[in-house]
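Participant: Have a look at the structure that comes next, please.
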Amino acid sequence: MDAVAALPIHEIPVRRIAVRPVTAEPAWVRRALIALALAFFGLFLLLPLAAVFVEALRKGWAVYLAALVEPDALAALKLTLLAAAIAVPLNLVFGVAAAWAIAKFSFRGKALLLTLIDLPFSISPVVAGLGLVLLFGGSGWFGAWLAAHEVKVLFAVPGIVLATVLVTFPFVARELVPLMQAQGREEEEAAVVLGASGWRTFWHVTLPNVKWGLLYGVILTNARAMGEFGAVSVVSGHIRGQTTTLPLHVEILYNEYQFSAAFAVASLLALLALVTLVVKHAIERRGDFAALRRGSLK
Amino acid sequence: MSIEVRHICKRFGAFTALDDVSLAFPEGELVALLGPSGCGKTTLLRVIAGLEPPDSGQVLFDGEDASGTHVRERRVGFVFQHYALFRHMSVFDNVAFGLRMKPRRERPSEAEIRRRVMALLELVQLDWIADRFPSQLSGGQRQRIALARALAVEPKVLLLDEPFGALDAKVRKELRRWLRRLHDELHVTSIFVTHDQEEALEVADRVVLMHRGRVEQVGTPEAVYHHPATPFVYDFLGSVNRFEGRVEETGLRVGEALLPHEAPFPAGEEVVAFARPFELDIVAAESGQGMPARVARVLVFGASARVELEGEGEPGRRFEVELPRERCAALALSPGQPVRLVPARLRVFAAH
């Protein structure tokens, strides 16, 4: 039987007329917008990043590698990783605790806490660093006590770790609070009614529900911890090989006109950041995939 | 297990959710807590479960004070209004959760857990979706999984918060019959919260009517429906026609009209009277009895007809009458036609 003849009249295919959907912009507007965004992205993001790598390798691989394995650079790398390794777990624990408190309980001063958590975002890192100087410096509030007990905070590793913790304070909590608020308390209540203890409720119900947000917060914390300059610069004292982190080391080299070495170390920082972004992207895709598997993105 | 609550009070800021509530829930019964939203019914359920501490008063399980017992140890099954299924766990893991959370020495083996979970899933007729995640289920299926999860720990009491609230009308009807059958099989003392009077009357052994944090009436569905204790109960349990008037020697004076009435109120007392739609009759306008009214709409569905009327001379005043279909046809009613309404039965309360 003829297929077309079998169709009712209204289903016989008619010549398609190209109709622009009413909500779409004309093609030239779309192209112009995309071109503008790409040009901006290239000029202000890609070009400087590329320039760093180009400058770093200008005098060849040998000079590049020499700048990286130089003892001061290695010490700076170690200090940077140490600061991140302390700041990330601390802020992970704090962030989860704060988000839990804010999202699941109501208490006095909750709005205040929520606002204060954001303070490191809005305040200049230099001010944060100065705050630490006022607290722990020689003539600061705790200065005399610290000196009497021969504890060195400023111009030493503890000061750098403190400054890093301070500026990376909000990232985990910021990721978790909206997520936990949206999820409400019902699942936790259900778990408790079914006999789960507080710890097991957290472990089996709360944490799995926020794990992607939590990982994302940790990655952001880590990126900021490794890249922080302002606050760390104030408390560091710039003792080469002892209290310089990678960003500070770059600055010192640059000020000494050792451009190739400066850019080599800078490229290392940029690489750390790029690795972080790749991991973040992978996690986001994994999170999307997990959500898809559970059918919530259908 | 029997449950009793004594003098429970609970306030949220300036709002009184429960105002000196005392109730007894006998063993093995299915009881409905019925009332409009904000009447305190869900708060009472949460107080019984231990999810909300009362400001004062006691909860007794089998005559023993449970106030000091943590939610975990109360052995209640709680079905949440929005089910609260663990969204990252499969249906199987959801139902198994309570068993896996038991202390090590009470915890059944994984094989035993598997057997019990599958038996429960069969009970709720969903053993074929054990591997799915909650977001892949329909509302009715989630509801039944939530119930299976609550039953897994063999609770001594089952508490359900608006169990059918989020479902469409047809699924609701099926599920509530199913719940009734399930209760008849299991005989677990159960309390469910609802704002739907039809649901409460159809499913429950007993109905507790609540209003503004207080208990208005407790009784079997027949008792509360046919003998409402307060104007609120009368009004809440289905459509109703309301008359405000004064008692006279010969009857009840409502506006110009005089309605027959035998309630024990002294003459001169201001009262409110109620009649259900099927307790009013329509008679010809010339008869001179009852209340004058005008037909607004006639709706015929199935065996009975519903007539909507407007009070004569009072355009805002509505009446609703339910008649057998033949009686309606015999009256030959048409919109705009003046008639008179005669109550076969009036339930009279003192006006406040």
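Quick note: the coordinates plus some simple rules give every number you see, no bench work behind them. Values in this document were obtained by computation on a predicted structure and should not be read as measured data. Here Cβ is always computed from backbone atoms with ideal geometry, including for glycine, and neighbour counts include all displayed protein chains.
Participant: Only Cα pairs within less than 10 Å get springs; with that Gaussian network setup on chain B, which residue of B:273, B:111, B:257 has the largest fluctuation?
Facilitator: Comparing B:273, B:111, B:257 in a Gaussian network model of chain B, the most mobile one is B:111.
Participant: Counting only the backbone N, which residues of the stretch A:33-75 are under 18 Å from the spot 7 Å out from the Cα of residue A:157 toward its beta-carbon?
Facilitator: Answer for this model: A:71-75.
Participant: Taking chain A as a Gaussian network, where each spring joins two C-alpha atoms under 10 Å apart, which residue of A:74, A:271, A:194 fluctuates the most?
Facilitator: A:194
Participant: When only alpha-carbon atoms count, how far does chain A stretch along each of its three principal axes, as whole angstroms with the largest first?
Facilitator: 99, 63, 30
Participant: Cα centroids of the stretch B:179-238 and the stretch B:275-325: how far apart, whole angstrom?
Facilitator: That distance is 29 Å.
Participant: For a test of the definition: using alpha carbon positions, the gyration tensor, and the 1.5 limit on a/c, classify the stretch A:96-198 as rounded, prolate or oblate.
Facilitator: Judged from the Cα gyration tensor, the stretch A:96-198 comes out prolate (a/c at least 1.5, a/b above b/c).
Participant: For a quick check of your reading of the filter: which GluC sites (Glu not before Pro) in the stretch B:1-109 sit in a DSSP loop and have no more than 12 other Cβ atoms within 10 Å?
Facilitator: Those that pass, being in a loop and sparsely packed, are B:106.
Participant: On to the next question. At what distance in nm do the modelled label points of residue B:285 and residue A:115 sit from each other, each positioned 7 Å from its Cα along Cα→Cβ?
Facilitator: Distance between label points: 6.9 nm.
Participant: Something else about it: Starting from the eigenvalues of the Cα gyration tensor, five times each then square-rooted, give me the equivalent ellipsoid semi-axes of the stretch B:1-91, largest first, whole Å.
Facilitator: Values: eigenvalues 95, 64, 38 Å².
With the √(5λ) rule applied to the stretch B:1-91, the semi-axes are 22, 18, 14 Å.
Participant: Let me ask something additional. For B:81-88, what's the mean count of beta carbons from other chains sitting within 10 Å of each residue's beta carbon? Mind dumping the intermediate values first?
Facilitator: Working: counts 1, 3, 3, 10, 3, 8, 9, 11.
The mean count of partner-chain Cβ atoms within 10 Å per residue comes to 6.
Participant: How big is D, in µm² s⁻¹, for chain B by Stokes-Einstein at 4 °C and 1.567 mPa s if Rh is the Kirkwood radius over C-alpha pairs?
Facilitator: The Stokes-Einstein estimate is 56 µm²/s.
Participant: Sticking with this one: Out of residues 5 or more away from residue B:52 or on other chains, whose amide H comes under 5 Å of its own, with H placed 1.01 Å from N in the peptide plane?
Facilitator: Residues meeting the criterion, in which the H sits 1.01 Å from N, are B:47.
Participant: Based on the Cα atoms of the stretch A:78-144, what semi-axes does the equivalent ellipsoid have, where each is the square root of 5 times one gyration tensor eigenvalue, given in whole Å with the largest first?
Facilitator: So the equivalent ellipsoid measures 26, 18, 12 Å along its semi-axes.
Participant: How large is the Kirkwood hydrodynamic radius of the stretch A:10-138, counting all unique pairs of alpha carbons, in Å?
Facilitator: About 22.1 Å for the stretch A:10-138.
Participant: Run through every distinct alpha carbon pair of the stretch B:78-187 and return the Kirkwood hydrodynamic radius in angstroms, one decimal place.
Facilitator: Numbers: mean 1/r = 0.0705 Å⁻¹.
It works out to 14.2 Å.
Participant: Hey, another quick one. How big, in percent, is the set of alpha carbon pairs in the stretch B:58-135 lying more than 17 Å apart?
Facilitator: 58
Participant: For peptide B:133-140, how many partner chain Cβ atoms fall within 10 Å of a residue's Cβ, on average? Mind dumping the intermediate values first?
Facilitator: Numbers: counts 4, 3, 6, 5, 1, 0, 0, 0.
Mean partner shielding for this stretch: 2.
Participant: Place the peptides A:137-146, B:300-309, B:319-328 in order of packing, highest mean first, counting for every residue the other Cβ atoms within 10 Å and averaging per peptide.
Facilitator: Listed from highest to lowest mean packing, they are B:319-328, B:300-309, A:137-146.
Participant: Choose one of B:289, B:195, B:148: the residue whose Cα lies farthest towards the positive end of the charge dipole of chain B (beta-carbon charges +1 Lys, Arg; -1 Asp, Glu; about the Cα centre).
Facilitator: Value: B:148.
Participant: If you wrap the stretch B:291-352's Cα atoms in a convex hull and average its projection over all directions, what's the area in nm²? Can you show the working numbers first?
Facilitator: On the way: hull surface 20.6 nm².
For the Cα atoms of the stretch B:291-352, the hull's average projected area reads 5.2 nm².
Participant: Averaged across B:50-57, how many Cβ atoms of other chains sit within 10 Å of each residue's Cβ atom?
Facilitator: Per residue, the number of nearby Cβ atoms from other chains is 1 on average.
Participant: State, to one decimal in nm, how far the label point of residue A:31 lies from the label point of residue B:239, with both points 7 Å from Cα in the Cβ direction.
Facilitator: About 6.6 nm separates the two model spin labels.
Participant: Find which of A:128, A:87, A:117 sits farthest along the positive direction of the dipole of the stretch A:45-128, computed with +1 on the beta-carbon of Lys and Arg, -1 on that of Asp and Glu, about the Cα centre.
Facilitator: So the residue we want is A:117.
Participant: With chain B treated as a Gaussian network of Cα nodes joined by springs under 10 Å, which of B:210, B:291, B:101 yields the largest mean-square fluctuation?
Facilitator: B:101
Participant: Also, I was wondering about something else. Quick one: check the C-alpha center-to-center distance for the stretch B:6-79 versus the stretch B:112-162, whole angstrom.
Facilitator: 24
Participant: A further question on this structure: Computed FRET efficiency, Cβ-Cβ of residue A:97 and residue B:220, R0 41 Å: what is it to the nearest 0.05?
Facilitator: 0.20
Participant: Further question: Subtracting the Cα-Cα distance from 0.36 nm times the residue separation, let me have the gained length for residue B:344 to residue B:75 in nm, one decimal.
Facilitator: Contour length minus the Cα-Cα distance gives 91.8 nm.
Participant: Is the shape of the stretch A:242-291 best called rounded, prolate or oblate, per the rule: a/c under 1.5 gives rounded, else a/b larger than b/c gives prolate, else oblate, with a ≥ b ≥ c the square roots of the Cα gyration tensor eigenvalues?
Facilitator: Since a/c reaches 1.5 and a/b is larger than b/c, the shape of the stretch A:242-291 is classed as prolate.
Participant: Please report, in debye to the nearest 20, how large the charge dipole of chain A is about its Cα centre when each Lys and Arg carries +1 at its beta carbon and each Asp and Glu carries -1 there. Intermediate results must be reported in sequence, preceding the final value.
Facilitator: Values: 24 positive and 18 negative charges, 123 e Å.
So the dipole magnitude of chain A works out to roughly 600 debye.
Participant: R0 = 30 Å: FRET efficiency of residue B:168 with residue B:12, Cβ-based, nearest 0.05?
Facilitator: Values: r = 31 Å, r/R0 = 1.05.
The value I calculate is 0.45.
Participant: Give me the percent relative contact order of chain B, please, defined on Cα pairs under 8 angstrom at least 6 residues apart.
Facilitator: Relative contact order of chain B: 16 percent.
Participant: Report P(r) for the stretch B:163-255: all Cα-Cα distances, bin width 5 Å, range 0 to the bin holding the largest distance, values in whole percent.
Facilitator: Reading the bins upward from 0: 2, 11, 20, 18, 17, 13, 8, 4, 4, 3, 1, 0.
Participant: When N counts the residues of the stretch B:247-352, how does its alpha-carbon radius of gyration compare numerically with 2.2 N^0.38 Å, as a ratio?
Facilitator: Cα-based Rg divided by the globular estimate yields 1.09.
Participant: Can I get the semi-axes of the protein assembly as shown's equivalent ellipsoid? Compute them from the C-alpha gyration tensor as square roots of 5 times the eigenvalues, in angstrom, largest first. Each step should come with its number before you reach the end.
Facilitator: Working: eigenvalues 945, 235, 149 Å².
Value: 69, 34, 27 Å, ordered largest first.
Participant: What order do you get for B:195-206, B:279-290, A:217-228, A:248-259 when each peptide is scored by the mean count of other beta carbon atoms within 10 Å, highest first?
Facilitator: In descending order of packing, they fall as A:217-228, B:195-206, A:248-259, B:279-290.
Participant: Just how large is the dipole of the stretch A:187-293 about the Cα centre, in debye to the nearest 20, putting +1 at every Lys and Arg Cβ and -1 at every Asp and Glu Cβ?
Facilitator: With only Lys, Arg, Asp and Glu charged at Cβ, the dipole is about 260 debye.
Participant: Roughly what would the spin-label model give for residue A:46 and residue B:246, points 7 Å off Cα along C-beta, in nm?
Facilitator: 9.1
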